[in-house]
């Protein structure tokens, strides 16, 4: 059997399957059971115990193969030969370190029929091995399906956002209290939120009935990062995942390009990539449910990757998010002038060339009055009569508030300062957050 035994570090998406799953997911993935073991006091023993999950899958052939796999990995120098050898493997294979559980390392061993997902911990006093055993075809099929992501929709089946399997959401209730829940993919119309199973429409209806807001907390984003604030008094702030605005920092003010470079270096030292920083900035302005708040939609330099965004937009059907992404791009390009992005409903005037999928015309200006005048000058002549333009302009405040897009560039707004009328619908915070 050793000729077809394949051993490799586990991927991030496989890591979660070395922990206890719900009955639904365990059944879909073909979980047979799991083995746990430790190396004893001297580090070379092997005390193990087995926990059944699906006895029907625990055939004589499987039991024989499991014994052979474990005994093979127990041979001198291999990962299960002792604590020293396991520790050596973990140190020599940093790519096997689990992202969300940094105390553990993951190894996958495949045979023709079965997959053995091993969670390693070389520390004395803990279980050194958890080995979850699966029907390989079942497991791989589930993982491939889960890559489609978990869909969140409105009760009318309008898409909101898609979340990676295993990521969290924050549910904020009408009284301001919130709680975070891990979400798991079941299929295209079902998900698990915490310990509960829902149809995606059922979950949407429950959220609407309870007046709850849902915020995606992507694991691909850091918990916080630094940002360079282009206000009248440039300074450095802190963005926290899942929250609008920024927190002030006590770091010294650095101006211009030097300030941007300083913030980039601070983020680099904290392990925050340019793509993550750009996504954090977008999320803190436009909302954490738009594609601009997902680092996968940026290149390594933190620049929006249009081909990825277009694919994301087409899959989710969220034309408004493409406008949001364009706004982020405008913020990055125009922030030297401290311009603001204003949105006008372009569908009423038949304008499509600049209005993106959902029909919003974007105007960059320093004030609302300037934006209105620019809009009228561009679209109030010829076939577009002034009365129609006036109707569009009168709708401006509602559109701006819904889009959250009439904010100064690149999250550089201090929400504790008084805003001009109709410039922001965000109330002042009292918890130190800006």
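What the table shows:
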item	result
Packing-based exposure ordering (other Cβ within 10 Å, fewest first) of 118, 10, 100	100, 10, 118
Estimated FRET transfer efficiency when R0 is 25 angstrom, pair residue 45-residue 91 (beta carbons, to 0.05)	0.70
Förster radius 30 Å - calculated FRET efficiency between residue 205 and residue 54 (Cβ-Cβ, nearest 0.05)	0.35
Packing rank of 272-281, 289-298, 103-112, 182-191, where each peptide gets the mean count of other beta carbons within 10 Å, highest leading	289-298, 272-281, 103-112, 182-191
Computed label-point distance, nm, for sites residue 196 and residue 101 using a 7 Å Cα→Cβ extension	2.6
FRET E, pair residue 268, residue 180, Förster distance 25 Å, beta-carbon r, rounded to 0.05	0.35
Inter-label distance, nm, simple model (7 Å from Cα along the C-beta direction), residue 145/residue 74	3.6
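Coordinate-derived values only; no laboratory data. Just so it is clear, the structure is predicted and the values come from calculations on it, not from any experiment. Quick reminder, even Gly has a Cβ in these numbers, built from the backbone with ideal geometry, and neighbours come from all protein chains shown.
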